[in-house]
Amino acid sequence: MKINKIIYSAIIACFVVSLSSCNGIFRDAPNDKLSENMIWSDEKLLDEYTGSWYHNMDNGFTILVSTMIKNNGEEFDPWFGDQLTVGRRDWYQAGYGEILKGSATMINGRSRLVWQSAYEQIRSLNKLFAHESELPASIHDRIIGEAHFFRAWYFYTLLQRYGGVMLVDRVFDPLVETVKYPRASYEEMVDFITKEAFEASKLLPVEHEARNVGRVTKGAAYMLMGKTYFWAAGVHYQNAEKPYLGFPDDRSAKMRRLAAEAYDKVLELHEYDLMPVNGNTIREKALNYRNIFLTKNSQESILEYQHNDDGDFSTGLGHKLDRDAAPPSMTGTNCAYNPTQNHVDEYRMANGKRIDEEGSGYDENHPYDNRDTRFYANVLYDGSEWAGKILDIHVTVVDGKNVAGADLTPYGTSTTASVTRTGYYMAKFLRENQQINTDETYASSQNYIIWRFAELLLDYAEIDWYENRAGDALQKINRIRNRVGMPSLGSVSLEDILNERRVELAFEKTTYWDLLRLGIAEDAMCGDTNPLYRVNIIQGEDGIKRYTYPVVNGRNTNIRYFDKRQYFWPISWSDVRYHGVEQNPDWSEV
């Protein structure tokens with residue numbers, strides 16, 4: 001099917017299920033077909049109409065790695081960075097492995113689906129704007145505010161992936177009209193997105209009543225403004241050769257200042273704060289920190305995707321995170337989230353020093369002692385406690401033979417179960433007391449946090465550092481560190497800020513996008529320049545554990561590859577032809 005036909009085909013989502021809870025926000029499956037004209041004047045139908053915008057934004061944990069595509073063509077982006085890899089060997093032979101190797105065919109396919117999904121939602125948004133005068137006065141401002149927010153959101157996601165795209169801001173039928181859109185410049189994109197987000201901020205409330213919890217707010221709109229400017233300050237988008245690939249000169253300082261102004265607006269709302277982390281022991285603090293990601297719509301959350309409280313996967317509003325990530329001894333099967341040794345090494349010691357720094361106290365024979373609280377919260381390692389069990393992720397030599405520990409052994413008799421390929425399992429986002437049964441329809445219920453207050457502070461600290469406000473940056477970094485009981489830094493460098501960012505935001509999608517924003521993706525996502533490492537632990541017959549750290553890029557050391565052209569994905573080839581625009585550099589149609 002031609003993509004331009006998909007983009008401009010009529011998309012009418014008519015629903016009859018009333019919005020009875022925040023979970024209803026994301027229900028966009030039609031239960032019946034109604035006349036289009038009935039939607040615009042009916043509050044309940046309008047609430048359901050908006051569900052598609054939410055449902056397609058970013059649900060976080062849903063995966064389908066056999067083809068690496070979901071309904072919107074996305075997957076868990078941190079798999080392509082250097083903090084996580086996957087345990088399923090067969091996934092390397094499918095779409096995931098092909099994208100990891102930079103396959104033009106797979107990237108074109110993935111890109112086409114993301115492009116299609118975004119423009120489908122933009123079409124839906126433009127249609128609502130065309131009927132604005134028909135909306136009920138009682139919910140007019142909220143619905144229009146949401147529409148402005150999501151039109152900004154979907155163009156923001158396109159900006160991140162493609163650079164300047166066609167700014168389609170109204171509904172039209174290409175079979176009747178001969179309208180064609182040029183590719184917008186980077187500057188035009190940033191202006192359009194931030195103006196849309198600002199319009200949203202004028203109409204959206206600071207917070208919603210209980211039945212609408214989870215809908216976008218004024219703070220989310222300001223945050224979207226800030227994130228857009230912060231992204232546009234990235235090194236890769238300055239002094240660009242083409243206007244749709246970046247600015248003609250260096251606008252990074254200006255973009256950072258505008259991002260700070262937007263973040264100030266979030267702060268002035270006094271609506272968000274870091275969740276406290278209490279406890280008398282490291283484990284208690286780690287458990288409390290982990291609870292941040294299990295608490296729905298907390299004071300730290302600025303925007304999150306609402307999953308079903310009952311974890312009903314059949315509705316498409318649950319997910320299988322716990323089953324996908326849990327160690328095999330806990331009945332996990334996919335091992336979809338394996339922290340790398342690269343990431344483990346990013347956690348500093350409890351005294352605040354790097355593990356390779358003089359006086360750090362790091363003991364290579366006991367590498368997991370006296371580390372950052374967040375290490376114990378985020379990563380399951382050999383000897384750690386999970387759900388009342390001590391994890392066994394090492395090999396023991398018995399009578400000259402190597403015997404794999406319980407958590408290096410596939411679950412039961414399953415032929416598809418996997419074990420960690422790095423020697424670690426992910427703990428962040430998981431619910432330790434969650435029961436996992438053998439029912440394949442089982443689902444988890446954690447919400448996916450898109451933006452939280454800690455990320456705002458980290459963004460702002462980086463801005464402060466570039467603006468020569470080192471004291472302000474230090475205050476923000478120490479605020480985040482002190483929250484988990486880590487000692488204050490006496491001074492702060494850009495390296496400190498970026499390290500704190502990767503530890504605090506570990507496994508969150510921001511860590512992947514940072515690699516592109518900072519212009520380091522070519523090094524960080526290539527096996528040759530930044531090989532991924534694992535830990536092998538062998539306990540000899542003398543009882544001593546010995547640690548080695550081999551490469552675990554994939555099936556071979558060169559499986560991970562990121563080409564310069566991947567900073568900008570190929571836009572739809574159908575739209576290249578229809579609109580007569582240039583394709584992004586170095587892509588050919590396959």
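The values are calculated or read from the model by the stated rules, or taken from the named source; none is laboratory data. Not measured: the values here are computed from a predicted model. Cβ sites come from the backbone with ideal geometry, for glycine too, and all protein chains shown count toward neighbours. Remember, those area values only see protein heavy atoms, side chains included, never the ligands or the DNA or RNA. Shrake-Rupley method; radii C 1.70, N 1.55, O 1.52, S 1.80 Å.
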Nearby lysines by direct alpha-carbon distance to K254 (threshold 19 angstrom, same-chain neighbours under 8 apart not counted): K195, K227, K265
Once both labels are modelled 7 Å past Cα along the beta-carbon direction, what's the N351-T105 spacing in nm? 5.5
What net charge is computed for the residues neighbouring D392, neighbours being all others with C-beta under 11 Å from the C-beta of D392, Lys and Arg scored +1, Asp and Glu -1? -1
The chain: calculated mean residue ellipticity at 222 nm from DSSP helix runs of at least 4, using -39500 (n - 2.57): -10500 deg cm²/dmol
Once Lys and Arg get +1 and Asp and Glu get -1 on their Cβ, which of L321, N499, P531 lies farthest toward the positive end of the dipole of the chain? P531
Between E495 and D472, the FRET efficiency computed from the C-beta separation at R0 = 22 Å comes out, to the nearest 0.05, as 0.80
What fraction of the DSSP beta bridges in the chain is antiparallel, stated in percent and rounded to the nearest 5? 90
Applying 1/(1 + (r/R0)^6) with R0 = 41 Å to the Cβ-Cβ distance of D309 and K254, what FRET efficiency is obtained, to the nearest 0.05? 0.40
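Could you work out the Rg to Rh ratio of the chain, with Rh taken as the Kirkwood radius (inverse of the mean 1/r over all Cα pairs)? Could the numbers behind the result be given before it?
Working: Rg = 24.1 Å, Rh = 25.1 Å.
Using Cα coordinates only, the ratio equals 0.96.
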For the chain the mean separation of alpha carbon contacts under 8 Å (6+ apart) over residue count, i.e. relative contact order in percent, is 17
Can you tell me the order of 93-104, 198-209 when each peptide is scored by its average per-residue count of other Cβ atoms within 10 angstrom, highest first? 93-104, 198-209
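Using the Cβ atoms and a cut-off under 11 Å, what net charge is assigned to the surroundings of D586, where Lys and Arg are +1 and Asp and Glu are -1?
Surrounding charge for D586 is +1.
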D399 paired with N291, simple spin-label distance in nm, labels 7 Å along Cα-to-beta-carbon: 4.8
Please give the per residue accessible area of the chain, computed with a probe of 1.4 Å over protein heavy atoms only, in Å². 38
Share of accessible surface on carbon and sulfur in the chain, whole %, 1.4 Å probe and ligands ignored, is 48
Quick one: compute the contact order of the stretch 199-357, relative version, from alpha carbon pairs under 8 angstrom and 6+ residues apart, as a percent. 14
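Let's test the formula: R0 of 35 Å, r as the Cβ-Cβ distance of D141 and R479. What FRET efficiency results, to the nearest 0.05?
Numbers: r = 35 Å, r/R0 = 0.99.
Taking R0 as 35 Å, the efficiency between D141 and R479 is 0.50.
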Taking the Cα centre of the chain as the origin and placing charges on Cβ (Lys, Arg +1; Asp, Glu -1), which of S572, C335, T420 is farthest toward the positive end of the dipole? S572
Can you flag which of K127/K509; K44/K202; K101/K509; K44/K320; K353/K509; K218/K476 are past 28 Å Cα-Cα? K127/K509; K44/K320
Ordering 421-430, 237-246, 351-360 by per-residue average of other C-beta atoms within 10 angstrom, highest first, gives 421-430, 237-246, 351-360
So how tilted is helix 453-466 from the main axis of the chain? Cα-based, degrees 0 to 90, rounded to 10. 90
At q = 0.16, 0.18, 0.19, 0.21 Å⁻¹, what is the log10 ratio I(q)/I(0) for the stretch 319-417, with the Debye formula run over Cα points and no solvent? -0.80, -0.95, -1.01, -1.12
Which whole-number percentage describes the relative contact order of the stretch 318-373, with Cα contacts under 8 Å and a sequence gap of 6 or more? 21
Shape of the stretch 437-551, Cα gyration tensor, a/c cut at 1.5: prolate
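Quickly rank 402-408, 284-290, 149-155, 340-346 as a protection proxy: mean count of other C-beta atoms within 10 Å, highest first.
149-155, 340-346, 284-290, 402-408
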Hey, got the dipole for the chain? About the Cα centre, +1 on K and R Cβ, -1 on D and E Cβ, debye to the nearest 20? 600
For D363 paired with E134, estimate the spin-label separation in nm (one decimal), with each label point 7 Å from Cα along the Cα-to-Cβ line. 7.2
